[in-house]
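Inspection log for the structure reproduced underneath, given as structure tokens.
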Amino acid sequence: MKLNLKNPIAFFDIESTGVNVAADRIVEISVLKINPDGTEQVLTKRINPEMPIPAEASAIHGLYDKDIAHEQTFKVFAPVLARFFDNSDLAGYNSNKFDIPILMEEFLRAGVEFDMNNRRFVDVQNIFHQMEQRTLKAAYKFYCGRELENAHSAEADIRATYEVLLAQIDKYKDVEYTDRKGNKSVPVQNDVDALHQFTNVQRNVDFAGTLVFNEKGVEVFNFGKHKGKPVAEVFRSEPSYYDWMMNGVFPLYTKKKLTELRLRAFNM
């Protein structure tokens, strides 16, 4: 099967020093770029995170300080990576919650512009979890009928993710899905727009889900004492809340969106 594409789509997987999007760093990234004509490009790069890799992280992905000591930092590699992604839509396994947010943090930290507007995000894990409920290894076995070798190797994982998506499209092309509100649809289609809509379960304003859109399309807080309240209203009634968040341990991309919303709130 060939994926029906309007734009290139870049499947990517990140290995890191940990799972804290705001504090941890990338140690390896692998990108499988599928072009609309079906041609493929692969870019795999180890990164010096400029911080020690915790033993528990090394135990998962097998990369140790000595393995990345002489590699480029993300800031040096970032322009090359941004050009490789170019105008691609993005896809991965659990990418909406982890890979995309940590990638954006690294680009922002490096001072390299990486525009996320008008890109589509396809999270293969969300298709799997909503349609079957389960890990990449289990998904690969379930959909492709094979054991995943070299799990947690970035390139092996992302190749498996691509194969799983193709198998999902084939398996669910005529399968009806009922959401929590009772709405029925056939959401898994060979169309990146449709996959984007289905796999972006929560309508996040930022990738961390600190800010979300409510049913009316208004940006609201998704945590703390102001959960569910419109961001603009809170900033106008309690201006110090913006300062508290900007000085807190929140991802840089979250802070970027907060600043945009604050400026809009006071220009309305």
Rank by packing, highest mean first: peptides 90-101, 150-161, with packing defined as the count of other Cβ atoms within 10 Å averaged across residues. 90-101, 150-161
Of LYS45/LYS137; LYS173/LYS256; LYS75/LYS229; LYS6/LYS173; LYS97/LYS225; LYS137/LYS173, which pairs sit farther than 29 Å apart, going by alpha carbon to alpha carbon? LYS173/LYS256; LYS75/LYS229
If you split all Cα-Cα distances of the range 211-267 into 10 Å bins from zero, what percentages do you get per bin, shortest first? 24, 64, 13
Estimated FRET transfer efficiency when R0 is 22 angstrom, pair ARG146-ASN7 (beta carbons, to 0.05): 0.15
Charge dipole (debye, nearest 20) of the chain; +1 at Cβ of Lys and Arg, -1 at Cβ of Asp and Glu: 800
For the chain, the helices passing both cut-offs (Cα extent along own axis of 24 Å or more, Kyte-Doolittle mean at least -0.5, full DSSP H runs) are 154-171
With just the Cα atoms defining each centre, how far is the range 60-98 from the range 155-200? Give it in Å. 25
Equivalent ellipsoid semi-axes, the range 173-268, via Cα gyration tensor eigenvalues times 5, rooted, Å: 32, 14, 12
Whole-Hz Karplus couplings 3J(HN,Hα) for the range 39-56, θ = phi - 60° and coefficients 6.51, -1.76, 1.60, Gly and Pro as x, run 6, 10, 9, 10, 10, 10, 8, 8, 10, 7, x, 6, 7, x, 8, x, 4, 5
Gyration tensor (alpha-carbon) shape descriptor, the range 28-175, a/c threshold 1.5: oblate
Along the charge dipole of the chain, which of ASN4, LEU166, GLY217 sits closest to the positive end, that is, farthest toward it, with unit charges on the beta carbon of Lys, Arg, Asp and Glu (+1, +1, -1, -1)? GLY217
Diffusion coefficient, µm² s⁻¹, Stokes-Einstein with Kirkwood Rh over alpha-carbon pairs of the chain at 20 °C and 1.002 mPa s: 108
Note on the chain, DSSP bridge orientation, antiparallel percent to nearest 5 equals 75
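Bear in mind these aren't lab numbers, they're just calculated from the coordinates by the rules spelled out. All values reported here derive from a predicted model rather than from experimental measurement. Here Cβ is always computed from backbone atoms with ideal geometry, including for glycine, and neighbour counts include all displayed protein chains.
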